[in-house]
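Written out below as structure tokens is the structure these notes cover.
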Amino acid sequence: MSGLSDIGVKVEGDSEPEDGPTTRIGNALPILHEIETYLTRLTQGGEPATIDLRAMPLAPGDYETLQRLLGEGEVSATIDALGPTRVRETAVRGVWWVTHHGATDEVVAEFIEITRIPTILQTVDEDLVDGLSRLRECLAQEGQAASD
Amino acid sequence: MAKDDDKEQTLGEVLRQQGVSRRGFLKFCATTASLMALPPSMVPAIAKALDKALRPSVIYLSFQECTGCAESLTRSHSPTLESLMFNAISLDYQETLQAAAGTAAEAALHDAMKKFHGKYLLLVDGSIPVKDDGVYSTIAGKTNLQIMKEAAEGAAAVVAVGTCSSFGGIPKANPNPTGAVSVGDLMKSGQIATKPLINVSGCPPIPVVITGVLAHYLTFGEVPALDVHGRPKVFFGETIHDRCYRRPFYDQGKFAKTFDDEGARSGWCLYELGCKGPTTYNACATTKWNGGVSFPVESGHGCLGCSEPDFWDKGSFYAPLSTGHWGTAEGIAAAAAAGAAIGIGAAAMSRRHQDTISKEE
């Protein structure tokens, strides 16, 4: 028996197939075109859009290709709610990569959002009200303490 | 198991009591929408519905089965979301998961059936043996058929979890010594009450498909749109083949001829190695397994067709579809010749299924 390195391994990925682009499979480019359509719409005053990456039949390498082509932007945030949610803007401004992780850090859902800011980062009205009452409570207590 | 006074709480209230923030809830809803294969644009509507949804009582019965379905469900890919789903429902009876045993367990079942008569959701895994008065499978002295009959009576809807309860499955495999039948068969023959029935087939079903169906029921309070076999269309509307990333090779007539030949190593289509993808309706190619790691075809093995009726009795898993055991359409066998021709045959059959689905609407 020869060594492990003698076993032929084919690495599937984003490199150009040997027999030319006609056999290229996968959905990375179609998804980028979809993003382009949504981004165009947003620049013309249209609605934000979201793409569910779990709903796409991704070939091996597609995911990496998407990440590579969209790149890293200058904003990233982590939300700690039911496990971490990582939000980052890609190098294509207005295109956000939102990854929801579960309690043990496994990915439970993944979206590409074409928007000014992803919804999950924004504070909802009910939380504004809760925040205000919390602040007022805090002020009342401090006022009480000062007058004692 | 929940306390009785929890029952009238809404899901939103329950979650907030457990310290789930509004962002957490939104995340839960976004993930749920993804599970249900609903467009992300529906997330706000789902959040609104789930926030107001009342927790339903769920009774889960197991008959002739291997517990693989319950394993699949309880190992669903996210502990957090799975526990959320279990908090969202009030699971009143499940033999494998419940703490109670013996007469206490049976008492819990009957209490729940009485208290939530007409309202509870009944989950069933395993087929029901009817030969020789159903003596081949009994629990607490009652046959599966008797239990099923009583439980179906007060159910709001029934979810058949897995191929056994949906279609008879492996217990029904030739020569079917116990006379195993599906839940749907029992409804058709009038042996149990006819209730709205959702078949979630698969051996086992994809965990997120089970939780997705539960989430759909919670969100909309009704049964999702179903295909000709009573399966939710969002998950069973397309074949493995339709959504397979190896599909382009099939269209080009590039097939692996043996496992580990050059074609297999290059990731070519597994049709000739017996892949049942073209006639199998399930969501494996997109939801994948083990937390989205891969699915059988991606691991180099053809699809067995486990979510289809009688998959066990349709010839070798390693014989190509063109040998004729699969599908009533002679189109597939006739088109056995070469790549392109096969493509047309399978595509035609696929379209026929879609037409049937549409006609049912």
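The values are calculated or read from the model by the stated rules, or taken from the named source; none is laboratory data. Nothing here was measured: the structure is a model prediction, and the numbers come from that model. With ideal geometry, Cβ positions are generated from the backbone for all residues, glycine too; neighbour counts draw on all protein chains shown.
Here are a few things to note about the model shown:
- If the condition is being of a type in the set (Gly, Ala, Ser) and either within 13 Å of the chain's Cα centre (by Cα) or at pLDDT 95 or above (or both), then the range A:80-132 contributes A:Ala91, A:Gly94, A:Ala109.
- In the range A:75-87, the residues that are under 14 Å from A:Ile117 (Cβ atoms) form Cβ pairs under 8 Å with partners that are acidic (Asp, Glu) and surrounded by 13 or more Cβ atoms within 10 Å (Cβ to Cβ), at six or more places apart or across chains, as follows: A:Val75/A:Glu89; A:Ser76/A:Glu89.
- Residue count for the range A:106-121, restricted to those that are at the interface with chain B (Cβ under 9 Å from one of its Cβ atoms) and not in a strand (DSSP E or B): 4.
- Within the range B:291-315, being part of a helix (DSSP H, G or I) and out of contact with any helix residue (DSSP H, G or I) (no Cβ under 9 Å at 6 or more places or on another chain) holds for one residue alone: B:Ser299.
- Residue, nearest to A:Met56 (Cα to Cα), within the range B:277-314, restricted to residues that are out of contact with any Pro (no Cβ under 7 Å at 6 or more places or on another chain) and β-branched (Val, Ile, Thr): B:Thr287
- When A:Ser147 is tested against the conditions (1) modelled with pLDDT of 95 or more; (2) more than 11 Å from chain B (Cβ to nearest Cβ), the lone failure is (1).
- From B:Gly274, B:Gly230, B:Gly253, residue being in contact with a Pro (Cβ under 8 Å, 6 or more places away or on another chain) and on the phi > 0 side of the Ramachandran plot: B:Gly274
- Taking the criterion of being closer than 18 Å to B:Ser21 by Cα and of a type in the set (Lys, Arg), the only residue of the range A:96-147 that qualifies is A:Arg134.
- Residue list for the range A:24-79, restricted to those being within 14 Å of chain B (Cβ to nearest Cβ), loosely packed, with under 14 Cβ neighbours inside 10 Å, over 15 Å from the mean Cα position of the chain (by Cα) and not in a loop (DSSP other than H, G, I, E, B): A:Leu29, A:Pro30
- If you filter the range B:189-220 down to residues that are farther than 19 Å from B:Glu308 by Cβ and among the aliphatic types (A, V, I, L, M), you find that the one that is surrounded by the fewest Cβ atoms within 10 Å (Cβ to Cβ) is B:Ala193.
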